[in-house]
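Step one of this worksheet: look at the structure below.
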Amino acid sequence: MRRLTVGSARCYCERMLNAPSWEIGRALGIPIRVHLSWFLVFLFVTWSLATGYLPDALPGLSDSRYWGMGAVAAVLLFVSVLLHELGHSYVAQRYKIPIGQITLFLFGGVAQMRAEPPSPKAEFLIAIAGPVVSFALGAFSLGLAAASEWWPAPSGQGFAVLGGLLGFVNVQLGLFNLIPGFPLDGGRALRAGLWAWGHDFQRATSRAALVGLGFGVWLAACGAVLLGGAIGGLFDPSTASNGGWLMFIGAFLFGAAWSTRKQMTLRIALSGTLVRDVMVRAIVTMPPQLSLQSAVDEFFVAYGYGGFPVVADGQVIGVIAVEDVQAIAQGLWSWRTVGDAMRPASSDLFISPEASMMQALERMVGAGYDRLVVIDAGRPVGLVTRSAVAQFLQLRKA
Ligand SMILES: [Zn+2]
């Protein structure tokens with residue numbers, strides 16, 4: 001699994017990943033972080049191997065031996081997930097996409113990519129790199145397990161059991177991630193295909209996420225059948241935990257795909273609309289030498305707008321918003337000017353009427369402005385605000 005912070009796939013798991021995590025080192029120059037939930041997985045895996053799987057597979061060893069082997073297997077599992085993510089990251093770096101960090105958490109790992117892939121081919125290669133690493137690790141582990149049959153017991157037996165387990169887990173990791181529902185790796189490969197086919201990144205993402213929704217429902221339904229069957233006595237009671245886990249993963253995939261769809265719908269709507277169609281044309285400007293008291297009385301109260309461009313000699317030199325005035329004590333309003341309180345203009349403040357609303361929104365979010373001044377041939381011709389974007393989307397929905 002991979003996560004994007006810029007653009008389309010701001011993953012649903014992002015909120016969850018804000019919980020405590022710790023940096024444990026770096027690989028390929030990328031910080032590796034371990035999330036709180038991963039420690040629970042580590043303990044659970046060690047415990048279930050030490051008390052169930054290993055005593056069954058290798059009877060007659062001491063408890064401390066089982067716990068030791070369980071912990072080693074859990075660490076190797078961790079390394080497997082990390083190598084899967086490093087596979088994605090390595091190929092992404094070949095395409096000059098910076099990786100913010102790799103986080104290991106409850107459902108595996110995520111490599112945080114700071115940009116969208118440049119082409120469908122890049123997207124496809126980055127997506128399959130993770131499963132390719134998992135399959136290679138799986139084949140290596142299974143090969144090791146097979147070779148250790150010829151080693152003397154009991155160490156040969158131990159290698160056979162651990163190698164077999166690790167091989168099985170890695171193959172499963174590769175197969176699961178190949179499910180063609182976005183944001184799983186298979187879903188990203190599907191997006192690459194749809195993108196190459198239709199030349200529309202956003203629509204391809206939206207469709208791949210629709211498949212993700214379907215697989216989320218399907219996994220959760222399979223989990224519910226297993227859980228219900230185990231409770232009703234139809235299946236072995238041990239399938240109950242598998243059923244619960246499948247439901248959990250299905251719900252997670254569904255949630256991630258849902259939030260991707262929602263975001264894509266928004267992006268498609270905003271990308272297809274130009275600033276000039278949404279901007280407020282009746283702009284009122286303020287001179288910089290005006291006192292804040294006059295600005296409040298004659299502009300903010302009189303017009304009811306949240307902010308105004310500040311203009312001197314026909315040039316926009318900044319913007320002033322209600323918050324900028326509120327930041328100054330009321331007793332000083334008669335002594336301070338608009339020029340003192342305004343946010344000075346930078347190139348990020350201006351946008352062309354021919355830019356898309358998506359570009360305007362990205363600009364506002366990126367530069368921290370609530371409103372942009374629309375400039376045509378050097379002259380301010382309108383204003384576009386965050387609340388206008390929200391209103392536009394509301395109207396479109398209606
Ligand atoms: Zn992956």
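Structure above, values below:
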item: Residue match in the stretch 134-144 (condition: within 23 Å of the chain's Cα centre (by Cα), within 16 Å of the ligand (Cβ to nearest atom) and not in a helix (DSSP H, G or I)); result: no
item: Filter result (buried (at least 18 other Cβ atoms within 10 Å of the Cβ) and of a type outside the set (D, E, K, R)) within the stretch 316-332; result: V316, G318, V319, I320, A321, V325
item: Cβ pairs under 7 Å, 6+ apart, first in the stretch 68-95 and under 19 Å from P55 (Cα atoms) and modelled with pLDDT under 90, second away from the ligand (no atom under 11 Å from the Cβ) and small (G, A, S); result: M69/G158; G70/A50
item: Top-ranked residue in the stretch 105-118 [being away from the ligand (no atom under 12 Å from the Cβ) and part of a strand (DSSP E or B); ranked as farthest from the chain's Cα centre (by Cα)]; result: F105
item: Criterion: assigned to a helix (DSSP H, G or I), at pLDDT below 85 and either under 25 Å from G109 (Cβ atoms) or in contact with a Phe, Trp or Tyr (Cβ under 6 Å, 6 or more places away or on another chain) (or both) - qualifying residue of M247, M264; result: M264
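Quick grid of which residues meet (1) within 16 Å of the ligand (Cβ to nearest atom); (2) not small (G, A, S):
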| position | (1), (2) |
| --- | --- |
| V45 | no, yes |
| A73 | no, no |
| S89 | yes, no |
| P120 | no, yes |
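The values are calculated or read from the model by the stated rules, or taken from the named source; none is laboratory data. As the structure is a computational prediction, the values presented were derived from the model and not from experiment. In this analysis, Cβ positions are derived from the backbone assuming ideal geometry, glycine residues included, and neighbour counts consider all displayed protein chains.
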